[in-house]
């Protein structure tokens, strides 16, 4: 009997001891996610590109008299690049103006003759046939005037194209002819690069597109200088080899020079948990949060061991920052 009582007491003691051990809370330290969250900086290679790379050519065949453009020059819009010998075309213009003046005088004479003929016809002093002839003469002369005006306008256009101007503020990148050479129609004389219509072309990972779109600040970094930029377009295609998407951006203020290479920089807006707080439980990576005296394991599907990973938790969530390596889901914990 005494032995039974002894073993009963012993069993109760062991049970009570196990209960106490089971309920003993594990000491941990915690912090709000808002205090721990980091917002990683992302980068992508980027290059400044010009929308206009223009080959300046002659529109008429002529000898080159002046060639102001030199490689490396920055020319302003409407600045003269090339002047062609234009004497033949100026003579053509003078001739067209003279022919038009002659036709104007003949038309005035034809109008007066027609008016006199009409009056005489009303008095039956001349035949109807003569009136028809006068009207026909005037109509032919008026048609000739239209043709003469067209010829004169064409001559003026040719004279105007004797002077070749820059269509925009540009950098001269190549000079392919010289003074005294004969310029052929369509043959490149100078190559220029637009300095105003500039964009940034960047290659980013396809999975980063959304984060780039939602970022509140984008910067282009070149030679240790930062340029604020705005997203203009994301090309709706993915490179089959690199799995990258091309994006185009515009400078907010003064641009860098075309051809400048650098980096596109942006910060993610999603909160990330530091990598040292991520643990693995039952084959899943995640973090422990503190809730009502318990440690609750929250899996992070996209997490990578040892690296900061995005979380969908509220910034008010309490994260266990110390003691988490020894925890299991629903362990009792005490914050100290």
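Coordinate-derived values only; no laboratory data. These figures come from a predicted structure and were not determined experimentally. Neighbour counts run over all protein chains shown; Cβ positions are idealised from the backbone, glycine included.
What to note about this one:
- Helix 87-122 and the longest principal axis of the C-alpha atoms of the chain enclose an angle of approximately 60°.
- With both labels modelled 7 Å from their Cα along Cα-to-Cβ, the residue 316 to residue 126 distance reads 10.4 nm.
- Peptides 121-133, 204-216 ordered by average Cβ neighbours within 10 Å, highest first: 204-216, 121-133
- Comparing 102, 309, 261 in a Gaussian network model of the chain, where Cα atoms under 10 Å apart are tied by springs, the biggest mean-square fluctuation is seen for 102.
- When the Gaussian network model of the chain links Cα atoms closer than 10 Å, the mean-square fluctuations of 110, 233, 202 top out at 110.
- Listed by Cβ neighbour count within 10 Å, with the fewest neighbours leading, 28, 49, 190 appear as 49, 28, 190.
- Helix 128-160 and the longest principal axis of the C-alpha atoms of the chain enclose an angle of approximately 50°.
- Listed values (1) 91, 27, 13; (2) 29, 26, 18; (3) 38, 22, 19, entry calculated as semi-axes √(5λ) of the Cα gyration tensor in Å: (1)
- Cα-based helix-to-principal-axis angle, 2-23 vs the chain, degrees rounded to 10: 20
- Highest-MSF residue in the chain out of 201, 226, 34 [GNM, Cα springs under 10 Å]: 34
- Peptides 62-69, 37-44 ranked from most to least packed, by the mean per-residue count of other Cβ atoms within 10 Å: 62-69, 37-44.
- Using every pair of separate Cα atoms, the Kirkwood estimate puts the hydrodynamic radius of the range 87-160 at 13.7 angstrom.
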